[in-house]
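See below for the structure under consideration.
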Amino acid sequence: MKKEISSWHSPALNKDMPVAIYGDYGFALLLVPTAAADFLEYERFQLIESLAPVIDSGKVKVFSVNSINNESWLNNNMAGEHKGIRHNQFNNYIFNEIIPFIKNNTSEETPIITCGASFGALHSMNLFLKRPDLINGVIAMSGVYDLMEYTKGFYDEQVYFNSPQHYVPNLTDEWYLQKIKESHHIHLLTGSGDYEDPEASRKFSDVLWKKNISHSLDIWGHEWKHDWPTWRAMLPYYLREKF
């Protein structure tokens, strides 16, 4: 499997941000790390290895970015409003730097699908819903789509606008809604085992259906825990069977 690492000083974040790229061809899968992890997390936990057949066959090209959660929602020494400001800078980094980087490494027509597990699922969903004109779909694994699960009770406008469970029910912009509805790849996946929260996926699925947003909700059994073996099974299956 071909692997490259690229890095540049991000204007949005004012720091160096590396990106790992796996493969040569195919649609672009943009991986967002879990919790406080880095751009090599998915490789370290063998998820990239589990994707080898779809990467080596040219079905998908993977771009794995760094997290800044330790500088935002997971920074206990930071004021809540500053966490939101920092997270919005991360959103801008994805939209204004990573998306053009992906296009330059593929083509303008290449579909981009965001993907993440756990906290990365929330971010992946949020990024897609905010810019469905740039991002073509999402695979969200074992997510909770209410950002307040991570804010220790803090709530302001920036929490609202980065919390899909909060803002999607109030979406009225028909242009945005139509762009979201045009996606054939909105996938909510979760297990039902230890530390999973399938009810969070059900609740967000209900929100999407109430806005007439077609999607798939796939709840796996109690043997599937909130852990890497689950995600190493889920993601290759969905890429193989649904794309």
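A short reminder: the numbers here are calculations on the coordinates, not readings from a lab. Since the model is a prediction, treat every value here as computed from it, not as a measurement. Note that we place each Cβ from the backbone using ideal geometry, even for glycine, and neighbour counts take in every protein chain shown.
General observations
- Cross-link partners of Lys152 among lysines, defined as those whose alpha carbon lies under 17 angstrom from its own and excluding same-chain residues fewer than eight positions apart: Lys83.
- Taking a ≥ b ≥ c as the square roots of the eigenvalues of the alpha carbon gyration tensor, region 141-240 is oblate, as a/c is not under 1.5 and a/b does not beat b/c.
- Residue with peak Gaussian network fluctuation, the chain [Cα springs, cutoff 10 Å], from Lys225, Lys130, Lys210: Lys210
- Exceedance of the 24 Å cut-off in Cα-Cα distance is limited, within the set Lys59/Lys103; Lys61/Lys225; Lys179/Lys210; Lys179/Lys242, to Lys61/Lys225.
- Between the amide H of Ile186 and those of Val138, Ser216, distances stay under 5 Å, these residues lying 5 or more places away or on another chain, with hydrogens modeled in the peptide plane.
- Most fluctuating residue given options Trp73, Trp209, Trp231, as computed from a GNM of the chain linking Cα atoms under 10 Å: Trp209
- Expressed to the nearest 5 percent, the antiparallel share of DSSP beta bridges inside the chain is 35 percent.
- Cα gyration tensor, region 1-80 - rounded (a/c under 1.5), prolate or oblate: prolate
- Cα gyration tensor shape for region 101-170, rounded if a/c is under 1.5, else prolate or oblate: prolate
- Top of Asn105, Asn126, Asn66 by mean-square fluctuation, Gaussian network on the chain, Cα under 10 Å: Asn105
- Cα Rg, Dmax (largest Cα-Cα span) when computed across region 3-241, Å: 16.6, 46
- In plain terms, the residue of Val168, Val65 with the fewest other Cβ atoms within 10 Å comes first and the most crowded comes last, giving Val168, Val65.
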